[in-house]
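Following: one structure in C-alpha cells, then a few remarks.
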Amino acid sequence: MENIRREFPLLDTCVYLNTASSGLLSKSLVDWRHKHDQAFFEKGSGMKVKAIMDLIPETRNTVAQFFNCRMTNVALTPNFSLGMNLLLDGLNKKHKVLLLENDYPSVNWLFEQREFAVDYVKIDEHLEEEIYKKVKSGKVSILALSVVQWLNGIQIDLDFLKDLKKEFPNLYIIADGTQFLGTKDFDFDTSAIDVLGTSTYKWLLSGYGNGFFLFKDRAKELFSVKSVGFNSVNGDMSKKEKIEFVKHLEPGHLDTFNFGSLKFSLNSLTSIGIKKIEEQNRRLRKKAMQELNDLGLLKAFILQRKSHGNILNIPGGEKCFQELANNNIICSQRGGGIRLSLHFYNNENDIDAVINVLKTRG
C-alpha cells in the first residue's frame with residue numbers, strides 16, 4: 001500500500017483523515033482528466049460525440065461489473081441527492097417509510113418534505129433489533145437508510161437485512177451507499193437492497209459530478225418516474241414512448257469528463273483489488289478503534305457491533321479540532337464531535353499522529 005500512497009501527493013504534506021468529506025484524486029486520474037480535456041480542446045464536438053457514444057456505456061458496464069448488477073439496471077446520475085429526488089417524485093404516497101434518526105439529510109429530508117408517513121429508529125446498539133420490531137408491526141413498506149452513517153460510521157448489518165428480507169419479502173429497502181461503497185467488497189445482486197444510490201467523490205475517489213443508482217428488477221415497479229429529456233432516448237426521437245426505466249434518471253447529457261473519471265477510478269480500484277482494500281481498511285480501523293478506546297473516546301457499543309464503517313467520531317470541541325489542524329491533521333467537525341475517516345491510502349503512522357495529539361491536548 002505504501003507504493004499506492006505515491007499516487008496521492010497530498011499525503012506527503014498532511015495526515016488526511018477526511019475521505020468521508022471528500023476522497024482524494026490520484027495522479028493517474030488527474031493525468032487522464034487532463035488528456036480528456038486537452039482532446040476536447042483540440043477536437044471539439046467530434047471528440048465529445050465519440051466519447052458520449054463510447055465512454056458512457058463503458059462506464060455503465062464498469063459499474064455493473066464492479067458491483068455485480070445488471071447493466072440495464074444501472075442509472076448514472078450527477079450525485080445521490082438528485083437521483084433520489086427524481087425517484088421519490090415517482091413514489092406513491094401510500095407507502096409507510098421507516099427512517100433512522102439523524103441519518104443523512106438527503107435520505108430523511110426527501111421523504112419528510114414530501115409528507116410521506118414516516119417512523120424512526122434510534123441509531124444505537126439496538127439498531128437492528130428496533131428495525132425488526134418496526135417492520136414486524138406490519139406498518140412499514142419501505143426501509144430507507146444509509147449503509148454507513150455519515151456522523152459516526154455505524155454500519156447496518158447487511159446479513160441482518162438479508163434475514164429481514166427473507167421474513168418480510170414484500171419490504172422494499174432503499175439505501176444510500178455514499179459512505180460505504182469503495183471501502184469493502186460488495187455484491188449488489190446477492191444483497192437484500194432493492195435500490196442503492198451513491199455519490200462517488202468520497203470512497204470511490206472519482207471526483208465530483210458523478211454517481212449512480214443500482215436497481216433490482218422488482219424495485220422498478222415501485223416508482224412511476226416522470227422525468228424525461230433528449231438523453232432519455234439517446235437522441236432517438238422514435239423511442240419517446242419506450243423509455244427504459246433507468247433513462248428516466250438520465251434526462252440530460254452526461255459529462256464524459258466526470259463519468260470517465262468514475263470509470264477510471266473503478267478500474268484503478270480493481271487493479272489494486274477491492275478485497276485488498278477492504279483488508280487494509282479493516283487493519284486501520286481496528287488499530288484506530290483500539291487506540292481511541294484506550295483513551296476513552298469511543299462509546300462501548302461501537303466496539304461490540306459486528307461491523308463498522310471507516311468513520312469514527314470522538315468527543316472534542318473547537319480547541320481540540322484546532323490542535324489537530326495545527327498538526328496538519330485534516331478531519332471534520334460533525335455531530336457535535338470530531339469525525340475521523342480512514343481509507344486504504346492511510347497508514348498506521350497517520351493513526352499514531354492523531355493519537356499523539358489527543359494524548360497531549362490540554
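The values are calculated or read from the model by the stated rules, or taken from the named source; none is laboratory data. Note that the structure is predicted; figures quoted are calculated from it, not measured. As a convention, Cβ positions derive from the backbone with ideal geometry for all residues, glycine included, and neighbour counts pool all protein chains shown. Accessible surface is based on the protein model in full, side chains and every heavy atom, while ligands, DNA and RNA are left aside. Shrake-Rupley method; radii C 1.70, N 1.55, O 1.52, S 1.80 Å.
Look at region 48-68: where a residue is farther than 10 Å from T256 by Cβ and a partner is open to solvent by 70 Å² or more (accessible area, probe 1.4 Å) and among the acidic types (D, E), sitting 6+ places away or on another chain with Cβ atoms under 9 Å, you get F67/D189; N68/D189. Residues in region 170-185: is at least one over 22 Å from L100 (Cβ atoms) and without any contact (Cβ under 8 Å) to a residue 12 or more places away in the chain? Within region 170-185, not a single residue is over 22 Å from L100 (Cβ atoms) and without any contact (Cβ under 8 Å) to a residue 12 or more places away in the chain. Evaluation of Y201 against the conditions (1) outside any helix (DSSP H, G or I); (2) aromatic (F, W, Y); (3) open to solvent by less than 20 Å² (accessible area, probe 1.4 Å) shows that the sole unmet condition is (3).
Restricting region 290-314 to residues that are among the basic types (K, R) and touching a residue at least 60 places away in the same chain (Cβ under 8 Å), the residue that is least open to solvent (accessible area, probe 1.4 Å) is R305. Just so you know, in region 349-362 the residues that are open to solvent by 40 Å² or more (accessible area, probe 1.4 Å) and assigned to a helix (DSSP H, G or I) include one that is nearest to D185 (Cα to Cα), and it is N349.
With respect to the conditions (1) touching a residue at least 24 places away in the same chain (Cβ under 8 Å); (2) in contact with a helix residue (DSSP H, G or I) (Cβ under 7 Å, 6 or more places away or on another chain), M71 lacks only one, and its number is (1).
Would a scan of region 266-287 turn up a residue that is of a type outside the set (G, A, S), assigned to a loop (DSSP other than H, G, I, E, B) and under 25 Å from the mean Cα position of the chain (by Cα)? No; the residues of region 266-287 include none that is of a type outside the set (G, A, S), assigned to a loop (DSSP other than H, G, I, E, B) and under 25 Å from the mean Cα position of the chain (by Cα).
Among the candidates K220, K247, single out the residue that is within 30 Å of L127 (Cα to Cα) and open to solvent by less than 60 Å² (accessible area, probe 1.4 Å).
Working: K247 fails: within 30 Å of L127 (Cα to Cα).
Within the list K220, K247, the selection yields K220.
Quickly run through region 205-227 and pick out the residues that are farther than 21 Å from Y172 by Cα and either in contact with a strand residue (DSSP E or B) (Cβ under 7 Å, 6 or more places away or on another chain) or of a type in the set (K, R) (or both).
The first filter runs over region 205-227 and keeps only residues farther than 21 Å from Y172 by Cα, leaving 205-211, 227.
Result: G211, single match.
Restricting to region 273-285, name every residue that is farther than 15 Å from L181 by Cβ and not acidic (D, E). Explain how you work it out, then say what you get.
Pass one, region 273-285, residues farther than 15 Å from L181 by Cβ: 273, 276, 279-280, 282-285.
Residues satisfying the conditions are G273, K276, Q280, R282, R283, L284, R285.
A search for C-beta distances below 6 Å between a residue of region 92-114 that is in contact (Cβ under 8 Å) with a residue 12 or more places away in the chain and any residue that is open to solvent by 20 Å² or more (accessible area, probe 1.4 Å) and among the charged types (D, E, K, R), counting only pairs 6+ apart in sequence or on different chains, returns K96/K139; L98/D119; L98/K134; E101/K122. Starting from residues that are β-branched (V, I, T) and over 21 Å from the mean Cα position of the chain (by Cα), keep the ones in region 122-145 and report whichever is nearest to L100 (Cα to Cα). Looking at the filtered set, the residue picked out is I131.
Could you check how many residues of region 36-80 are among the hydroxyl-bearing types (S, T, Y) and either more than 21 Å from F188 (Cα to Cα) or open to solvent by 40 Å² or more (accessible area, probe 1.4 Å) (or both)? Before you say what the answer is, go through the steps one by one.
Let us first name the residues in region 36-80 that are among the hydroxyl-bearing types (S, T, Y), namely 45, 59, 62, 72, 77.
So of that shortlist, the ones also either more than 21 Å from F188 (Cα to Cα) or open to solvent by 40 Å² or more (accessible area, probe 1.4 Å) (or both) come out as 45, 72.
Summing the residues that are among the hydroxyl-bearing types (S, T, Y) and either more than 21 Å from F188 (Cα to Cα) or open to solvent by 40 Å² or more (accessible area, probe 1.4 Å) (or both) in region 36-80 gives 2.
Within region 135-148, residues that are closer than 18 Å to D176 by Cα reach partners that are open to solvent by 10 Å² or more (accessible area, probe 1.4 Å) and hydroxyl-bearing (S, T, Y) with beta carbons closer than 8 Å, at six or more positions or on different chains, in the pairs S141/Y172; I142/Y172; L143/Y172; S146/Y104; S146/T178. A20 satisfies every condition listed in (1) aliphatic (A, V, I, L, M); (2) assigned to a helix (DSSP H, G or I); (3) in contact with a strand residue (DSSP E or B) (Cβ under 9 Å, 6 or more places away or on another chain) except (2).
In region 218-240 there is no residue that is under 17 Å from the mean Cα position of the chain (by Cα), outside any helix (DSSP H, G or I) and more than 28 Å from F8 (Cβ to Cβ).
Looking only at residues of region 315-348 that are free of Cβ contacts under 8 Å to residues at least 40 places away in the same chain and part of a helix (DSSP H, G or I), we find that the one that is most open to solvent (accessible area, probe 1.4 Å) is N326.
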